[in-house]
Structure formats: structure tokens, C-alpha cells
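The values are calculated or read from the model by the stated rules, or taken from the named source; none is laboratory data. Since this is a predicted model, take the numbers as computed values, not measurements. Because the Cβ atoms are built from the backbone with ideal geometry, glycine has one as well, and the counts that use them run over all protein chains shown.
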Amino acid sequence: MATEILSGKVHVQTTINGEQVDFLAEPRESLLEVLRDHLGLTGAKEGCNNGNCGACNVVMDGALVNSCCVLSVEAAGASIETIEGVASPEGLHPLQQSFLENAALQCGVCTPGFIVAAKALLEENPNPTEYEVRWWLAGNLCRCTGYDKIVRAVLDAAERMRAEA
Amino acid sequence: MAIDTRVAPKIKHHDEEYKVIGTRPIRHDGLEKVTGEARYGSDINLPGQLHGKVLRSPHAHARIVSIDASRAEALHGVSAVITSADLPDPGDKLTTGGEAPGLPVKFKSANMLARGKVHYHGHAVAAVAATNQHIAAEALKLIDVEYEVLDPVLEVWDAMKPDAPVIIEDLYTAKADGTTADEPSNVAAEMLYEVGDVDAGFAEADLVVDREFTFGVVHQGYIETHNATANWLKDGHLHVWCSSQGAFTIRQELADLLNHPITKIHVVPMEIGGGFGGKTTAYLEPLAALLSQQTGHPVKMAMDRADVLKATGPTPGGYVRVKMGVTNDGMITAGYANLAFDAGGYPGSVVGAGCRCVFAPYNMPNAKVEGFDVVVNKPKTHAYRAPGATHAEFASETVVDEICRTLDIDPVEFRLKNSAKEGDWQLAQPPYPRIGHIECMEAARDSAQWQTPLETAPGKKRGRGIASGFWFNIGFTSSVIAKLNSDGSVTLLEGSTDIGGTRTSVAMQFAETLGIAIEDVDPIVADTDSVGQTDVTGGSRVTFATGLAAHNAANDMKDQIAEGLADLWDVAADAITHADGTFSANGNSATVREAAGLLEEEGVFPIGKNTVTPTREGGAFAVHIADVEVDEETGKVEILRYTAVQDAGVAIYPPYVEGQMQGGVVQGVGWALNEEYVYDDDGHLLNASLLDYRMPTALDVPNIETIIVEVPNPGHPYGVRGVGEVPIVPPPAAVANAIHDATGLRMSHLPMSPPRVQAALAAQA
């Protein structure tokens with residue numbers, strides 16, 4: 001395990017968006033707290049802090065997780081992808097582009113979680129039905145859009161990604 | 001780059017053609033919101049910052065005997081503990097600004113930190129600043145509070161009884177006739193609205209339907225929790241960063257609550273993760289400010305979800321009675337309504353707005369509406385999207401449906417026959433201007449859903465319902481400052497926080513008026529030091545009022561450009577014409593971009609500005625159709641298909657008009673079918689989490705079909721009507737009427753949750 005306890009804090013080595021990252025954290029701190037408060041990666045949001053809203057979604061070792069429900073020390077040796085790593089230097093991810101073009105956000109606070117979750121879906125299932133999109137995204141709450149334009153944006157992005165593949 | 005997607009039907013009742021208005025550009029703030037770079041209130045971290053947390057009452061109603069914070073203060077890492085003793089005594093001051101001016105500041109102050117008594121479970125009692133949030137949370141457990149627990153009063157019908165425990169000992173009812181009650185009670189205010197002769201109207205009726213309805217408390221449910229960061233400098237300057245619907249309102253409340261000069265308070269509006277009326281008032285900002293003052297450090301505070309549900313401002317539960325009289329040929333002769341709403345722990349519910357809306361879709365010759373604002377041991381309630389209208393019109397639209405069933409009249413035909421139209425009376429308001437209820441009803445009648453028979457399925461109980469909704473919208477004050485840059489682009493400072501694309505809907509009106517491309521306008525939500533007075537983002541007012549300010553500012557800029565060109569071209573300014581973004585006179589012509597370059601050489605940089613307080617909001621109508629299936633075993637109601645029709649006046653930014661309609665529908669469906677605060681008998685909130693306070697997920701709803709109707713508002717140069725709120729009004733009634741169509745049940749309580757529907761089905765059998 002890439003951890004070492006220093007004066008009550010744990011030294012954690014992990015990989016975030018492809019870069020090796022070291023941090024010190026109290027064992028009681030969640031991954032979400034460390035991302036936001038120690039590492040300045042504030043794209044993941046706290047909406048409920050108990051795994052019910054998906055606003056803090058990140059991908060850890062290939063699995064979609066609520067980072068509020070992961071202890072930061074569990075990140076040791078893991079590979080983590082956050083919303084900050086979704087766009088590339090060349091431009092936006094097709095999902096991000098599709099969210100913009102389909103007006104799939106209003107206040108925007110749930111948007112990073114939806115995009116991270118939808119990306120995980122499309123990596124597992126590049127050709128989902130509307131029902132499969134709704135089922136997958138049922139762990140992400142949006143209070144503004146009524147989901148209609150989000151679901152359309154994900155289906156639209158899936159189509160573009162299949163066409164480009 | 002433009003939005004290229006399935007464009008929903010739009011039905012225009014005007015001949016105007018626009019270049020920018022009605023198009024679908026990418027919103028200006030979109031990029032940073034899809035990349036996670038947008039900065040919301042909780043995303044700020046200042047050097048030397050401490051973290052604050054709030055101790056909350058475990059009781060619904062109790063006297064505070066003592067508070068001893070000495071153990072907490074002794075904890076390593078704790079810098080300060082505050083209680084209501086640290087807040088100035090507000091005396092008899094009244095609130096200004098916000099959605100409900102004129103209320104005693106002492107109530108707001110006591111809601112911020114309890115003074116002598118706690119009025120609800122979760123009421124703030126003390127606040128702590130510490131080096132991190134975990135130490136702050138530990139410190140809360142070390143604050144010793146002794147309570148004398150009192151009997152709670154939770155429902156309006158109990159609180160209004162003569163022998164009910166009185167929650168606020170010096171609260172005397174403000175009566176409808178302007179007098180004040182002699183004895184204290186829980187009824188803060190009574191209101192009465194009358195038109196015509198209601199008794200004579202009921203005497204003329206062939207059929208009278210009289211029904212009672214009750215409501216659970218519901219929360220706005222924004223995904224971002226409340227937060228505030230404050231830095232009180234040693235010279236008295238106070239900087240506050242927060243996610244609020246109104247930075248100027250927060251500034252005013254800080255001034256009122258802290259007795260601090262407004263010029264020394266600077267509020268920076270961060271991005272806001274939803275509000276829906278629930279972020280129109282301060283909760284944490286004054287506490288963070290006091291803790292910063294006491295510690296000399298910036299202090300950041302953020303609520304957790306349980307705090308949000310327990311201690312912010314949900315919208316009221318309560319009671320509505322609606323009685324309507326009609327003739328056998330389906331003409332309404334009279335209406336009577338009685339509304340009693342939870343104010344929560346302190347006075348000031350949205351019952352007055354409910355009174356105004358209850359019969360608004362109809363031209364009713366005789367009507368009487370009574371309202372009661374009732375203090376109960378629940379959190380101080382606040383606005384939630386068309387506040388009060390959803391309760392009121394759930395009741396009246398259910399009664400209308402029952403009338404139609406009883407008389408065997410088509411519900412569309414009945415509503416068309418009785419619809420309010422231009423020139424008809426409104427409760428306590430001037431007669432209606434041009435409105436679009438009839439046009440919405442016709443569009444609903446002609447919609448694909450209404451024209452397609454409901455698909456039956458063997459063994460399934462399915463039904464279809466229709467309902468109208470009205471919300472009056474609000475004007476209030478808005479400001480815009482527009483700076484012409486030397487390349488012809490415009491930096492547009494506006495005071496309205498942007499919750500759902502209003503930077504763009506405001507900028508589009510500016511671009512239309514000045515005749516430039518939307519991409520050449522850069523809209524910025526400015527802080528309280530950088531733009532003129534702007535009231536809360538609420539009342540569906542931003543695209544209407546801030547859009548008007550932008551239009552006026554563009555005209556101001558046009559005049560300034562013309563004056564500058566007049567000197568260059570040696571003509572009178574009023575001889576210069578402006579069309580399609582080009583200024584011309586005397587054989588000279590210049591686009592805005594060319595003019596900006598010419599004026600730069602002369603050292604002229606036009607700044608268009610405007611502050612406006614418009615009052616002709618126009619009012620908004622919606623008609624919704626719901627198809628449902630009721631599971632007989634579980635009582636669960638599934639939405640099979642849904643169409644929302646709405647008069648937008650003129651839809652400035654259609655994808656976001658559709659978004660408001662769809663979002664309002666889904667909030668309304670959540671209210672209709674699931675959402676409700678659950679209390680035990682002692683007044684403890686039992687479901688303060690997003691698992692147990694269950695809002696709709698993507699799996700709970702279908703796509704929402706939208707039809708935008710455009711009946712221009714004569715009170716706005718582009719015909720804008722606010723669109724944000726009215727779409728939450730019809731869903732509970734449309735769903736209830738569909739449940740009746742499916743099962744024959746008349747549901748009289750919101751939410752129509754599975755256990756309630758199941759019980760009603762069992763009682764029916």
C-alpha cells in the first residue's frame with residue numbers, strides 16, 4: 001500500500017487524470033474532501049455526502065463511484081478520473097459538446113457528475129437505449145432540467161462517438 | 001456553433017421576426033459548467049480560512065434555559081463560538097428588499113440564531129469556527145444546551161385552535177380589515193379578497209362542488225447546499241462570497257441583521273446550484289461574517305443536506321378549501337376559497353400569492369378568497385417556484401375536473417368557455433392585459449397527446465388528466481451596464497444571478513437591440529460594488545426585467561455611438577439612423593464594430609446603462625396533459641406521457657424555455673407523487689436526507705413534450721413573459737385528474753404517494 005502515517009495524517013500516492021499525485025489526509029477525510037479542499041479539483045460537488053445525488057461522481061479503477069463515500073486513503077495506488085480530466089487539450093469530449101448543444105444543463109452544479117457518469121456508461125455500452133440511459137443515470141439527481149435534455153444529450157453523444165469510432 | 005436539435009413546436013400569435021431572439025446559441029457560461037471549472041460558492045478557499053458549523057436544536061419547540069460553550073471553546077483548533085447574544089438587537093426594524101419586505105427583522109434575526117426559544121427541529125442555536133470542519137463538528141458536540149421542552153404544534157388546523165400553544169407570545173393577528181387582534185395567537189395575518197356577490201352567485205348555480213385539500217411540506221431540492229464565505233477586515237469592510245438568488249438582498253440582510261453600513265458590505269455572487277425560491281434569504285452569511293469578525297480570519301461555512309432540509313425554507317404545507325358554483329350549461333357563477341398555510345417558526349408564508357392565483361384562469365363574476373398565515377413548529381417557509389400557486393390551483397383545478405365529470409362537459413371546452421381573457425378582472429389587481437390562457441388551451445387540445453387516444457392495456461388502470469396553471473410573475477428592479485470595447489464587442493455587466501441560462505437570454509435582447517451578434521456580447525454577473533441595484537432572481541423576472549434593462553442599455557449605447565459619430569461626420573446626432581446594426585447619415589455608414597474603432601481613435605468609449613423597475617409582467621399561463629398508470633397493488637403512479645403547453649410571450653431563448661417547462665413539470669410530478677416532509681408527533685423531521693426525501697430520478701419520468709405558445713406581453717418591448725415558475729403549477733392537478741380518470745378516486749392530499757393511493761384504492765374496494 002502506498003500509504004505512510006505522518007503525525008496523524010496518512011501519506012497517499014495515487015493517480016488522478018493520468019498524473020501521479022501525493023497528498024496527506026486524515027483517515028476520516030473522504031476522497032471528495034481531498035479532491036476539493038486539498039487538491040483544488042472542485043469540479044466534483046457535494047450535494048448530499050451520503051451517496052444519493054451523484055454530484056461527486058468520479059471513476060476509480062474503472063468503476064463509477066460517489067467520491068463522498070470513498071475514504072481518501074482508499075485512493076492509495078488507485079487510478080482516478082475526475083471531470084477535470086474529461087476534456088483533452090484538443091477540445092471537449094463529445095459528451096461535453098453534446099450537453100452544450102442540447103441545452104442539457106441549467107444551474108450546472110450536477111453537470112460534472114452527469115458527464116462523468118454518462119462517460120462511464122458509454123464506455124461500457126456504446127449504444128444504450130433511452131431506458132438504459134435513464135436507468136444508469138438514476139443515481140444522479142438533477143433538479144433543474146427534468147432530465148429530458150440530459151437523456152437526449154447522452155444519446156446524441158453516443159451516436160457521435162459511434163460514428164467517429 | 002449552435003444548438004442543432006429537435007426543435008419543439010412553437011405557436012406564434014404575432015408577426016414579429018427577429019435576428020437573435022428566438023435562436024439557439026450555446027450559452028455563454030456553458031463551457032466552464034461542462035468542464036467543472038465554474039466556481040460555485042463552496043469552491044472558494046481563502047488563505048487562512050477557518051470552517052464554521054452550526055449547532056441545531058434537537059427539539060421542535062423548547063425554551064433555551066442555558067448555553068455553556070466552555071468545553072467547545074477549550075477544544076484545540078476552535079477559534080470562536082457565537083450565539084444569538086452576539087447578534088445585535090434589531091428592535092422594531094422592518095426588512096427591506098427581497099421577496100417579502102416589511103417583516104420584523106427580529107424574526108429573521110431569531111431564525112438566524114435562536115433567541116430564548118427554539119421554534120423547530122433544526123433551528124440554529126450556536127455556531128463555531130475551527131481550523132477544519134471535522135474539529136468544528138466535534139466542537140458542536142461539546143456545547144451544552146439545557147432546554148425546557150414545550151408541546152409542539154405542527155399543522156395549521158391545530159395551530160389555529162383557540163387552545164393551541166402559542167409559539168410567539170407577542171404575535172397578534174394582522175386582520176384583513178387593518179385591525180390587530182387583542183389576544184396573541186399563531187395566526188400572523190388574515191387576508192380577504194372579494195369581487196361581486198358570492199352568495200348571489202352560489203344561489204344562481206345548478207351545481208356546487210365544495211372540497212377540502214391538505215398538503216405536506218416540500219423542499220425546493222436544489223442540488224447545491226447553502227454556503228457562505230466571509231472576510232471581515234479590520235477596517236470594517238466585509239467581503240462575502242455566496243450562492244444566493246440575490247447578492248443585493250444578501251447585502252441588505254447583512255446590513256439589517258448586523259447593523260453594519262451597506263457601503264462596507266461587498267457581496268460576490270458565485271455560481272448558484274439551483275434556488276427555486278429557497279435561496280432568496282440569508283442563513284449562513286451573517287454567521288460567517290460574525291465568526292470572521294471575532295476570529296480575524298476568513299470563515300467558510302457550508303450546510304450538509306440534513307441542515308438544508310431541516311433548517312432552510314421549504315414551501316408550506318397546509319390546507320385549501322375550494323367551492324365553485326356552475327350552471328348546468330357549464331358557466332361558473334361563483335367561487336369561494338379558504339387557504340391556510342404554514343409560515344413555519346416565524347410569520348410570512350406565501351399564502352397571499354396562493355389567494356391571488358386560486359381562480360386566476362377563470363373569469364368568475366363572484367368570488368371570495370380568504371387566506372391565513374399560520375405559525376407552526378416547522379422551519380420558516382419560503383418561496384418555491386410560483387409560491388402558493390401550486391397548492392391553490394391543485395385544489396381549484398381538481399374541483400373544475402369534478403364539475404366537468406359531473407356535468408359531462410369536455411374539460412377543454414369548459415375551460416375555453418370560462419377562460420379569463422384580456423380585460424377581465426383579476427383578484428386585487430388591474431384587469432388582465434393580453435394573456436394567453438385560451439391560446440394555450442387550444443394548443444393543448446390540438447397537441448399530439450390530446451389527439452391520440454390513451455392506449456389501454458388489459459388489467460392496467462390508465463387515465464388522462466388536464467389542468468391549467470397561472471402565475472402572475474414579478475417585475476422588481478434590475479440593472480445593466482454595457483461597455484463597448486474597441487473591437488465592437490460588448491461587455492455586459494448585469495446584477496441578476498444566473499440559475500439557468502439568463503446571461504444569454506439577457507444578452508440576446510441586448511444584441512437584438514444594438515444589432516450585433518450574440519457571440520459579440522460577453523455577459524458577466526457582477527458583484528454588488530460593480531453594477532446597479534438588482535433584486536433577487538425570482539418571480540420569473542430576469543429575462544423580463546433584466547432583459548428590459550439590457551434593451552434600454554443598448555438604446556443608451558446606440559445614442560452614445562450616434563453622438564460620437566455625429567461629431568466625426570459633422571451631422572446632428574438625431575440625423576443618424578440605426579438599422580440592422582448599421583449607423584448611417586449623409587452618405588456615411590458604420591457598423592457597430594466600425595463605429596467602435598472610429599470612436600476609439602477619438603478616445604470615446606460608450607457605456608450604456610439602465611436601471612429599471614417594470615410592473616407590467618403580463619402573467620403566465622400553462623396547460624398540461626398527463627397520462628398515468630396506477631399500480632393497483634402498490635398504489636404507485638407512473639407517468640406514461642406528458643405534454644406541457646405554455647405562453648412564453650415571446651421565447652427569447654427557446655431551448656432554455658423548454659428546459660424551464662420540463663424542469664418545472666418534473667418538480668411538480670415529484671410534489672404530486674412523492675415528496676413530503678415526514679414528522680413524528682414530537683415534531684422531529686424523520687426524512688432529512690435525499691434517500692428518504694425522494695425527488696424524481698431520470699427513471700421516474702418520461703421525456704416531457706413541450707409546446708411554446710407566443711402571445712406577446714404588451715408590457716415588454718419584445719413581448720417577454722417570465723417562464724420559470726408557472727410550469728410547476730399544473731402537474732399535481734393534471735396527475736390527480738388522470739388518477740381519477742384511471743381509478744375513479746379523487747385524491748385530496750399532496751403528495752399522492754403510493755401508500756395514500758393504495759389506501760384510497762382499498763377504501764374504494
(message) For the range B:398-409, check the following and say yes or no: at least one residue is in contact (Cβ under 8 Å) with a residue 60 or more places away in the chain, assigned to a loop (DSSP other than H, G, I, E, B) and either over 21 Å from the mean Cα position of the chain (by Cα) or buried (at least 24 other Cβ atoms within 10 Å of the Cβ) (or both).
(response) yes
(request) Could you check how many residues of the range A:132-149 are more than 11 Å from A:Gly54 (Cβ to Cβ), more than 7 Å from chain B (Cβ to nearest Cβ) and among the hydrophobic types (A, V, I, L, M, F, W, C)? (result) 1
(request) Residues being in contact with a strand residue (DSSP E or B) (Cβ under 8 Å, 6 or more places away or on another chain) and modelled with pLDDT of 65 or more: count how many of those fall in the range A:1-17. (result) 10
(request) Note down all Cβ pairs under 7 Å where the first residue falls in the range B:31-50 and is within 7 Å of another protein chain (Cβ to nearest Cβ), the second is surrounded by fewer than 16 Cβ atoms within 10 Å (Cβ to Cβ) and assigned to a helix (DSSP H, G or I), and they're at least six residues apart or on different chains. (result) B:Ala38/B:Glu32
(message) Residues that are within 8 Å of another protein chain (Cβ to nearest Cβ), among the β-branched types (Val, Ile, Thr), more than 30 Å from B:Ser57 (Cα to Cα) and part of a helix (DSSP H, G or I): does the range B:665-683 have at least one?
(response) yes
(request) Would you check if B:Lys421 is in contact with a Gly (Cβ under 7 Å, 6 or more places away or on another chain), among the charged types (D, E, K, R), touching a residue at least 12 places away in the same chain (Cβ under 8 Å) and surrounded by fewer than 22 Cβ atoms within 10 Å (Cβ to Cβ)? (result) no
(message) Based on this model, can you work out whether B:Ala306 counts as within 14 Å of another protein chain (Cβ to nearest Cβ) and part of a helix (DSSP H, G or I)?
(response) yes
(message) Just to check your reading of the model, which residue among A:Gln13, A:Gln106, A:Gln20, A:Gln97 is surrounded by fewer than 22 Cβ atoms within 10 Å (Cβ to Cβ) and either among the acidic types (Asp, Glu) or under 26 Å from A:Glu159 (Cα atoms) (or both)?
(response) A:Gln97
(request) Would you be able to say whether some residue in the range B:346-366 is part of a helix (DSSP H, G or I), at pLDDT 95 or above and aliphatic (A, V, I, L, M)? (result) yes
(message) Any residue at all in the range A:49-59 that's more than 15 Å from the chain's Cα centre (by Cα), buried (at least 24 other Cβ atoms within 10 Å of the Cβ), within 8 Å of another protein chain (Cβ to nearest Cβ) and modelled with pLDDT of 95 or more?
(response) no
(message) Please return the ranges of helices (runs of 4 or more DSSP H) entirely within the range B:9-121 where 1 or more residues are in contact with a strand residue (DSSP E or B) (Cβ under 8 Å, 6 or more places away or on another chain) and surrounded by fewer than 16 Cβ atoms within 10 Å (Cβ to Cβ).
(response) B:70-73
(message) Return the residues of the range B:207-245 that are out of contact with any strand residue (DSSP E or B) (no Cβ under 8 Å at 6 or more places or on another chain) and on the phi < 0 side of the Ramachandran plot; say none if nothing qualifies.
(response) B:Tyr222, B:Ile223, B:Lys234, B:Asp235, B:Gln245
(request) Identify the residue in the range B:220-243 that is within 10 Å of chain A (Cβ to nearest Cβ) and in a loop (DSSP other than H, G, I, E, B) and, among all such residues, is nearest to the chain's Cα centre (by Cα). (result) B:Gln220
(request) Looking for whichever is assigned to a loop (DSSP other than H, G, I, E, B) and over 30 Å from B:Phe470 (Cβ atoms) here; the options are B:Val604, B:Val536. Which one fits? (result) B:Val604
(request) Could you tell me whether any residue of the range B:112-133 is modelled with pLDDT of 95 or more, within 22 Å of the chain's Cα centre (by Cα), under 30 Å from B:Leu46 (Cα atoms) and away from chain A (no Cβ under 14 Å)? (result) yes
(message) Condition check: touching a Leu at 6+ places or on another chain (Cβ under 7 Å), hydroxyl-bearing (Ser, Thr, Tyr) and outside the structural domain of B:Gly649 (by TED's automatic domain parsing). Does B:Thr406 satisfy that?
(response) yes
(request) Would you mind stating whether A:Gly113 is in contact (Cβ under 8 Å) with a residue 12 or more places away in the chain, small (Gly, Ala, Ser) and more than 24 Å from B:Thr706 (Cβ to Cβ)? (result) yes
(request) Of all residues in the range A:93-121, count the ones that are facing chain B (nearest Cβ under 7 Å) and among the aliphatic types (A, V, I, L, M). (result) 5
(request) Would you confirm whether any residue within the range B:703-719 is of a type outside the set (Val, Ile, Thr), at positive phi, in the same structural domain as B:Glu629 (by TED's automatic domain parsing) and part of a loop (DSSP other than H, G, I, E, B)? (result) yes
(request) For residues that are of a type in the set (A, V, I, L, M) and part of a loop (DSSP other than H, G, I, E, B), scanning just the range B:262-281, find the one that is nearest to B:Arg541 (Cα to Cα). (result) B:Ile272
(message) Just checking, does the range B:690-700 include any residue being β-branched (Val, Ile, Thr), assigned to a strand (DSSP E or B) and more than 28 Å from B:Val376 (Cα to Cα)?
(response) no
(request) Scan the range A:60-85 residue by residue and report those that are surrounded by fewer than 23 Cβ atoms within 10 Å (Cβ to Cβ) and within 7 Å of another protein chain (Cβ to nearest Cβ). (result) A:Glu84
(request) Output the residue which, of all residues in the range B:539-583 that are hydroxyl-bearing (Ser, Thr, Tyr) and part of a helix (DSSP H, G or I), is surrounded by the fewest Cβ atoms within 10 Å (Cβ to Cβ). (result) B:Thr546
(message) Looking at the range B:146-163, can you tell me whether even one residue there is under 27 Å from the mean Cα position of the chain (by Cα), surrounded by fewer than 17 Cβ atoms within 10 Å (Cβ to Cβ), in contact (Cβ under 8 Å) with a residue 60 or more places away in the chain and outside any strand (DSSP E or B)?
(response) yes
(request) Restricting attention to the range B:245-261, report how many residues are in contact with a Ser or Thr (Cβ under 8 Å, 6 or more places away or on another chain), surrounded by fewer than 24 Cβ atoms within 10 Å (Cβ to Cβ) and of a type in the set (S, T, N, Q). (result) 1
(request) Tell me which residues, restricted to the range B:642-664, are within 14 Å of chain A (Cβ to nearest Cβ) and within 15 Å of B:Pro730 (Cα to Cα). (result) B:Tyr642, B:Thr643, B:Ala644, B:Gln646, B:Gln660, B:Met661, B:Gln662, B:Gly663, B:Gly664
(request) Assess whether B:Thr615 counts as being within 25 Å of the chain's Cα centre (by Cα) and either within 14 Å of another protein chain (Cβ to nearest Cβ) or in a loop (DSSP other than H, G, I, E, B) (or both). (result) yes
